[in-house]
1. Might you check whether a residue that is among the aliphatic types (A, V, I, L, M), assigned to a strand (DSSP E or B) and under 16 Å from the mean Cα position of the chain (by Cα) occurs anywhere in region 85-99?
2. Among the residues of region 192-204, is any part of a loop (DSSP other than H, G, I, E, B) and either under 17 Å from the mean Cα position of the chain (by Cα) or not aliphatic (A, V, I, L, M) (or both)?
3. Answer yes if at least one residue in region 28-35 is crowded, with 20+ Cβ neighbours inside 10 Å, in a helix (DSSP H, G or I) and either assigned by TED's automatic domain parsing to the domain that holds TRP179 or touching a strand residue (DSSP E or B) at 6+ places or on another chain (Cβ under 9 Å) (or both), and no otherwise.
4. Quick one: is SER41 exposed (fewer than 14 other Cβ atoms within 10 Å of the Cβ) and at pLDDT below 95?
5. Given the structure, is PRO228 modelled with pLDDT under 90 and touching a strand residue (DSSP E or B) at 6+ places or on another chain (Cβ under 7 Å)?
Amino acid sequence: MRILLVEDEVQLVDALEKGLKKDGYAIDSAYNGRDASELFSINEYDLVVLDINLPDESGLNLLKQIREKDTEVRVIILSANRSIDDRIQGLDLGANDYLTKPFDFQELKARIRALLRRDFNSKPTILKQGGFSVDLALHRVQFQDKDVPLTLKEYAIFSYLVRNSDRIISSEELLEHIWNEEADPFSDVMRVHIYSLRKKLSSATGGMTVIQTVKGSGYRFDAKGGNP
């Protein structure tokens, strides 16, 4: 899952980035509305954490722009404004949740999890292909009703491939979605995770290679297995 964090307090950004990355989220950060708007226009996000008090423009104005481009992305507002009117305005403009500062980080994480679980467009929360079952709410993978233990990154890679099984996913797209836009495309980090993920899936399926390498293009999920 990829999150855009829009906040002008550097120390808060650093703390949130560190904590959310530990939970397996890919984080892009912007310290002002201009940079946030640019990032949102070129990347696909699952959720936006938005401070409405930005140095160059109102976060509410940025929220309007976001909703004009995307009516589905989840948005959590962060604000030091505690008045009911401010909360109502933010929610009326399209925010899904509103959290006042100071806040407890564990509460923010819980709200993020709740929003990412929410079924906005009647999309299934459990994907089934072949003998695989991917629970998007619980972050759990099973094969023939038996759990396949994966790390956070391995789960993120596998679930993304399953959700997009109708197409080939490039290495660059995987890096950007699972890590962030600053991920080094020449790093071995993703290949290492793919290798480990394949071993675990092969062990769980009795030797199937369900993550296929398409030479020169990227990767794709094949529930029937085959050559890597």
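1. No.
2. no
3. Yes, region 28-35 contains a residue that is crowded, with 20+ Cβ neighbours inside 10 Å, in a helix (DSSP H, G or I) and either assigned by TED's automatic domain parsing to the domain that holds TRP179 or touching a strand residue (DSSP E or B) at 6+ places or on another chain (Cβ under 9 Å) (or both).
4. yes
5. So PRO228 passes the test.
The values are calculated or read from the model by the stated rules, or taken from the named source; none is laboratory data. Source: prediction; values computed, not measured. Positions of Cβ are backbone-derived with ideal geometry, glycine not excepted, and every protein chain shown enters the neighbour counts.
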